[in-house]
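Have a look at the structure below before the remarks.
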Amino acid sequence: MPSAQQLLITIDGPAGAGKTTLSKMLARDLKYRYLDTGALYRAVAYAIRQQDINADDDQALAKVCADLQIEFVEDRLLLDGVDISSRIRTPEITMLASAASARLPVRKALLGIQRKMGQRKGLVAEGRDMGTVVFPEADLKFFLDASIRQRALRRHAQYAEDNNEQSIEDIETDIRRRDENDSNRDIAPLRPARDAIIIDSTRLPADQVLERMLTHVHQLTCSSKC
Ligand code: DC
């Protein structure tokens, strides 16, 4: 069994379920690294938007992905050396990322990139297919869910902080469409891994979700020692 500092932990779930908040909290608590794979799909969306490429043009997508120069520097995402962290959070890039993420050339290219980034343990990786496809051998897999209304309310509060004035209804519509895209695509659809621990955070504040996650971490890391 790996030591407490060396687990690979995945957190999957739909948009707005609290994955980012919890992944960061968990990584901070355990002193692990954090990998935001949604940001990688957003970077692809940003690149294809810049180059005016259609999200269903597989040939062009393959070329964009082959040329993709992306890296995380601390928690900033650089594309071709330029910090695009805030530019990938617009509603347009959000929907484009969901569309592009259903395409085979994009998933193939990002699979290799993600596995490379996750080579060393001591990592919390968040996304849609972390536990099912990218890191099926992960030590601990969580699937975080919440009602659509709750997810829209959370996103609304978060957007308000960023001066994005989308209404709750519009956010809910976008989330519904994204759930539909992300769950029904042929390749690596959003779903819990068979061995995932499912946590519904609709009525649970983040610190209680964290507590539950840490209990599982400690159960796993202490099972032979504590
Ligand atoms: O987590 P996010 O909202 O930043 O993700 C943006 C889009 O990227 C999401 O709609 C689906 C896609 N995505 C994916 O298909 N697989 C992942 N592992 C992460 C994100």
Any hit, the stretch 85-101, residues being modelled with pLDDT under 95 and of a type in the set (D, E): yes
Selection from the stretch 140-194 of residues that are on the phi > 0 side of the Ramachandran plot and exposed (fewer than 15 other Cβ atoms within 10 Å of the Cβ): N163
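Do the conditions hold for A138, that is, is it over 14 Å from the mean Cα position of the chain (by Cα) and outside any strand (DSSP E or B)?
On the way: over 14 Å from the mean Cα position of the chain (by Cα): yes; outside any strand (DSSP E or B): yes.
Spelling it out, A138 is indeed over 14 Å from the mean Cα position of the chain (by Cα) and outside any strand (DSSP E or B).
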Subset of the stretch 97-112 [among the hydrophobic types (A, V, I, L, M, F, W, C) and within 9 Å of the ligand (Cβ to nearest atom)]: A97, A99, A100, A102, V106, L110
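When the residues of the stretch 1-46 are filtered to those that are in a helix (DSSP H, G or I) and of a type in the set (S, T, N, Q), which remaining residue is modelled with the lowest pLDDT?
First pass over the stretch 1-46, keeping only residues in a helix (DSSP H, G or I): 4-6, 19-30, 37-46.
When the remaining residues are screened for being of a type in the set (S, T, N, Q), the result is 5-6, 20-21, 23, 37.
Details: Q5: 65, Q6: 88, T20: 94, T21: 95, S23: 97, T37: 97.
Here the answer is Q5.
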Hey, A109 of a type outside the set (D, E) and part of a loop (DSSP other than H, G, I, E, B) or not: no
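Could you tell me whether G131 is assigned to a helix (DSSP H, G or I), in contact with a Ser or Thr (Cβ under 7 Å, 6 or more places away or on another chain) and under 19 Å from I187 (Cβ atoms)? Write out each step before concluding.
Numbers: assigned to a helix (DSSP H, G or I): yes; in contact with a Ser or Thr (Cβ under 7 Å, 6 or more places away or on another chain): yes; under 19 Å from I187 (Cβ atoms): yes.
Yes.
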Within the stretch 195-222, tally of residues that are among the acidic types (D, E) and surrounded by 14 or more Cβ atoms within 10 Å (Cβ to Cβ): 1
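The values are calculated or read from the model by the stated rules, or taken from the named source; none is laboratory data. Small disclaimer: the values here were computed from a predicted structure and weren't measured. FYI the Cβ positions are ideal-geometry reconstructions off the backbone, even for glycines, and counts take in every protein chain you see.
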